[in-house]
Amino acid sequence: MGGKNTKDRKNGTGNDILEQIFRVKNELALAYRVFDQASSSEMVDSCIYHINSLQATYAHYLRQAKERGAAEEPFFCRGRENAI
């Protein structure tokens with residue numbers, strides 16, 4: 001159990017970082033769609049919290065990718081207008 005994929009995830013190497021960036025970017029796009037449908041103030045608050053968390057996670061992986069030379073400018077997702 002474990003194997004190379006587990007080791008790569010722990011080290012955050014190569015394509016795994018890019019996969020995480022794309023995964024978080026897709027989760028962020030979904031979070032924005034859920035936010036658009038939120039009907040109660042509690043749900044809006046929850047969505048905002050979740051979006052902020054995903055943005056921090058996205059920034060973390062993007063920083064790691066840039067440090068390793070794995071990402072270029074097109075991976076930026078600064079705001080909602082760039083969400084899928």
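The values are calculated or read from the model by the stated rules, or taken from the named source; none is laboratory data. Since we're looking at a predicted model, the values are computed, not measured. Here the Cβ positions follow ideal geometry from the backbone for every residue, glycine too, while neighbour counts run over all protein chains shown.
If you filter the stretch 47-84 down to residues that are acidic (Asp, Glu) and modelled with pLDDT of 50 or more, you find that the one that is surrounded by the fewest Cβ atoms within 10 Å (Cβ to Cβ) is GLU81. Cβ-Cβ contacts under 8 Å between residues 6 or more apart (or on different chains), taken from a first residue in the stretch 27-51 that is of a type outside the set (Gly, Ala, Ser) to a second residue that is modelled with pLDDT under 95, are listed as LEU28/CYS77; LEU28/ALA83; TYR32/ARG80; TYR32/ALA83. Outside any helix (DSSP H, G or I), out of contact with any Lys or Arg (no Cβ under 6 Å at 6 or more places or on another chain) and surrounded by fewer than 16 Cβ atoms within 10 Å (Cβ to Cβ), is that true of SER39? Yes; evaluated as a whole, the condition is true for this residue.
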